[in-house]
Amino acid sequence: MKLALPLVLSLASLPALAGEETYVFKSIEDPTFPPDPTVCAAAPFSTNVRLGASLWSVRTRWRDGEVKTRLRRIGRATACLELTNVMFPEGLEQRFYARFQLPQGAYTAIGTCKVSSNSVPEPFIVLAGCTLKIVSGPGGSLGGMVTSSSIFNPLQRPGYSTGSMWVLHEYTAAPLCRRGGGHHHDDDGEDDD
């Protein structure tokens, strides 16, 4: 046991052997991007809700992080859900399977979404959070996780769209193996750090 602590501490000081990337984007249910039936057929559970969405880059206000605009379409997604209770009671947890097609490649993820509220700002506007494990990704991806803050509008009430803000956190085979190293710039020329 006395040898274990120094060994762990010496390993902790080694340089990272995996790269790390984080992407933030918005999904919006979009009839021009219907759900891909092959994605839901690949889910390891029965799905009865299928959603197609466009994916968008976002811009935030630098001083407080508020999302100000969606900038441009960056991809598409198919989401597959096993819905077990159409009343969406608070605390309901449902299995979720998704594929995100992003500029760097396709990610498939599986996990759960949990209903936080079914009454804010109106009844049957469903607020949920999803936590998904990345099970496959583009070349060099070791996996990671995708999380969301989601709105589901099952009654299609005017003024509310079904969609999510997503954070995809990925580890890669080597630091910055797919995207190159060095300093990065946004498409509009502004620094992204």
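Among residues belonging to region 102-119 that are in contact with a Gly (Cβ under 8 Å, 6 or more places away or on another chain) and not hydroxyl-bearing (Ser, Thr, Tyr), point out the one that is surrounded by the fewest Cβ atoms within 10 Å (Cβ to Cβ). If you could, list the steps in order and put the result at the bottom.
Looking only at region 102-119, we keep the residues that are in contact with a Gly (Cβ under 8 Å, 6 or more places away or on another chain), and these are 102-103, 105-108, 113-116.
Next, only the ones that are not hydroxyl-bearing (Ser, Thr, Tyr) stay: 102-103, 105-106, 113-115.
Numbers: 102: 17, 103: 10, 105: 15, 106: 16, 113: 23, 114: 15, 115: 20.
Restricting to residues being in contact with a Gly (Cβ under 8 Å, 6 or more places away or on another chain) and not hydroxyl-bearing (Ser, Thr, Tyr), the top hit is 103.
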The conditions are (1) in contact (Cβ under 8 Å) with a residue 12 or more places away in the chain; (2) within 24 Å of residue 30 (Cβ to Cβ), and residue 91 fails exactly one of them. Which is it? (2)
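Kindly evaluate residue 90 against the criterion of being more than 23 Å from residue 19 (Cα to Cα), modelled with pLDDT of 95 or more and of a type in the set (Asp, Glu).
Working: more than 23 Å from residue 19 (Cα to Cα): yes; modelled with pLDDT of 95 or more: yes; of a type in the set (Asp, Glu): yes.
In short, yes.
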Pairs where the first residue, in region 145-164, is without any contact (Cβ under 8 Å) to a residue 40 or more places away in the chain and within 13 Å of residue 114 (Cα to Cα) and the second is of a type in the set (A, V, I, L, M) and not in a strand (DSSP E or B), C-beta under 8 Å, 6+ apart: 151/125
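Quick check, is residue 35 touching a Gly at 6+ places or on another chain (Cβ under 9 Å), loosely packed, with under 13 Cβ neighbours inside 10 Å, more than 22 Å from residue 144 (Cβ to Cβ) and not charged (D, E, K, R)?
Details: touching a Gly at 6+ places or on another chain (Cβ under 9 Å): yes; loosely packed, with under 13 Cβ neighbours inside 10 Å: no; more than 22 Å from residue 144 (Cβ to Cβ): yes; not charged (D, E, K, R): yes.
Against the criterion (touching a Gly at 6+ places or on another chain (Cβ under 9 Å), loosely packed, with under 13 Cβ neighbours inside 10 Å, more than 22 Å from residue 144 (Cβ to Cβ) and not charged (D, E, K, R)), residue 35 does not qualify.
Does region 28-45 contain at least one residue that is closer than 18 Å to residue 155 by Cβ, touching a Leu at 6+ places or on another chain (Cβ under 7 Å) and touching a residue at least 60 places away in the same chain (Cβ under 8 Å)?
Restricting attention to region 28-45, the residues satisfying the condition of being closer than 18 Å to residue 155 by Cβ are 28-29, 31.
Next, from what is left, pick out any that are touching a Leu at 6+ places or on another chain (Cβ under 7 Å): 29.
Filter once more, keeping what is touching a residue at least 60 places away in the same chain (Cβ under 8 Å): 29.
Yes; the residues of region 28-45 include at least one that is closer than 18 Å to residue 155 by Cβ, touching a Leu at 6+ places or on another chain (Cβ under 7 Å) and touching a residue at least 60 places away in the same chain (Cβ under 8 Å).
Could you identify the single residue in 99, 59 that is surrounded by 13 or more Cβ atoms within 10 Å (Cβ to Cβ), under 18 Å from residue 35 (Cα atoms) and touching a strand residue (DSSP E or B) at 6+ places or on another chain (Cβ under 9 Å)?
On the way: 59 fails: under 18 Å from residue 35 (Cα atoms).
It is 99.
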Please go through region 120-134 and pick out each residue that is surrounded by fewer than 14 Cβ atoms within 10 Å (Cβ to Cβ) and not charged (D, E, K, R). 120, 121, 123
Give the residues of region 131-172 that are of a type in the set (A, V, I, L, M) and assigned to a strand (DSSP E or B), sorted by residue number. 132, 134, 135, 142, 145, 146, 151, 165, 167, 168
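The values are calculated or read from the model by the stated rules, or taken from the named source; none is laboratory data. What you are looking at is a predicted structure, and each value in this text was computed from that prediction instead of being measured. Neighbour counts are summed over all protein chains in view; Cβ atoms, including those assigned to glycine, are modelled from backbone coordinates with ideal geometry.
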